[in-house]
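Bear in mind that the values in this text are calculations on the coordinates, not laboratory data. Since the model is a prediction, treat every value here as computed from it, not as a measurement. Reconstructed Cβ throughout: ideal geometry from the backbone, glycine too, with neighbour counts over all protein chains shown.
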Ligand code: ATP
Ligand code: MG
Ligand code: FE
């Protein structure tokens, strides 16, 4: 069974082919146009998806040594994401399915981030907890099976990826700043500065307060030394990152204890963060957790994870009708 999968929820246009559960490739075109605006501009994202979608699909087929006629189904990200961006992938997949007379499979992008763990390497056993940390979401998910998942904790305001990007902007770093904060943090002292952690009930998170605290902190420091940021970039980044990670892992630990689960995974763009990966490994040793950390290419947005999810949906006979439309706020 060969399935073509398309991802177009935000600012990467991606195509992948999965053959009998094995992801053969993962072609990603990252849109550069947004950099100079310091964030994703939805209208520009849609246009770039229009330009990129045929080339990425062609390349995926070519690399797999396949022809369109070899495909048994086509899958796409239905949501969550930007409406105009999702429309490009959705319309492409619908037209492709109709033209080739093959079934259509819709995929939830957040579920796919988690199912990236089944692409390669050791796979988690059920039930496991997944900390999904990305540009738009921060969730603790109880994963009961490939397609049965429950969000038990989430952010009440900003996502942690957004918090990384917004604080990076305050530091004068280009978009997306998350990877750069990570890079500087590796050379810095995580205890140089301290920031207040939000006290939120249960397994929920809040990242908007700390963002404001950082803004005021930088303002004060700059009054005394206008080069404060430039001179202390490494320590500032290390301290901010340290605080974000402590917040994330505190709730994850609490959820693991309460649910008595020791199989723990991370997913989403922020799971590429080297500090988070290292801290999770440490916790794993301390609590004898089995931890699952995805390969870098499957952390940020990619069609490989959509293909993996589509494989499980195909096996479950879960197909979508031609009347489907995107769902920007899709949940599960
Ligand atoms: P969602 O999946 O919620 O719809 P998204 O698709 O935009 O949002 P992803 O592509 O999964 O999000 O992740 C992008 C986010 O990951 C950005 O906020 C980016 O800064 C962050 N990110 C990527 N690498 C790192 C890193 N090494 N350290 C910190 N943050 C990172
Ligand atoms: Mg992106
Ligand atoms: Fe994503």
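A few comments on the model shown:
- Taking packing as the residue-averaged number of other Cβ atoms within 10 angstrom, the listed peptides 278-286, 220-228, 51-59, 123-131 run from highest to lowest as 123-131, 51-59, 278-286, 220-228.
- Packing rank of 314-324, 181-191, 239-249, where each peptide gets the mean count of other beta carbons within 10 Å, highest leading: 239-249, 181-191, 314-324
- P(r), alpha carbons of region 184-244 - 5 Å bins starting at zero, rounded %: 4, 18, 24, 25, 16, 7, 4, 2, 0
- Residue 68/residue 197 FRET efficiency (R0 51 Å; Cβ-Cβ; nearest 0.05): 0.45
- Compared with the dominant Cα axis of the chain, that is its longest principal axis, helix 274-287 is turned about 90°.
- Percent RCO, i.e. relative contact order, over the chain, from Cα pairs under 8 Å lying at least 6 residues apart: 25 percent
- According to the Kirkwood relation over distinct C-alpha pairs, the hydrodynamic radius of the chain is 20.4 Å.
- Relative packing of 198-207, 154-163, 17-26, 34-43, which averages over residues the other C-beta atoms within 10 Å, highest first: 154-163, 17-26, 198-207, 34-43
- Relative contact order of region 206-321, pairs being alpha-carbon contacts under 8 Å that are 6 or more residues apart, as %: 19 percent
- Taking every Cα-Cα distance in region 127-214 and sorting them into 10 Å bins starting at zero, the pair-distance distribution P(r) comes out as 16, 40, 31, 12, 1 percent.
- Relative contact order (percent, whole number), region 1-147, Cα cutoff 8 Å, 6+ residue spacing: 22 percent
- Relative to the longest principal axis of the Cα atoms of the chain, the long axis of helix 208-224 makes an angle of roughly 40 degrees.
- The chain: angle of helix 42-64 to the longest principal axis, Cα-based, in degrees nearest 10: 60 degrees
- Between region 126-203 and region 1-26, the Cα center-to-center distance that results, in Å: 26 Å
- Antiparallel %, DSSP beta bridges [both residues in the chain], to 5: 60 percent
- Estimated 222 nm signal from helices in the chain, with DSSP H stretches of n ≥ 4 weighted -39500 (n - 2.57), rounded to 500: -14500 deg cm²/dmol
- Cα gyration tensor, region 1-137 - rounded (a/c under 1.5), prolate or oblate: oblate
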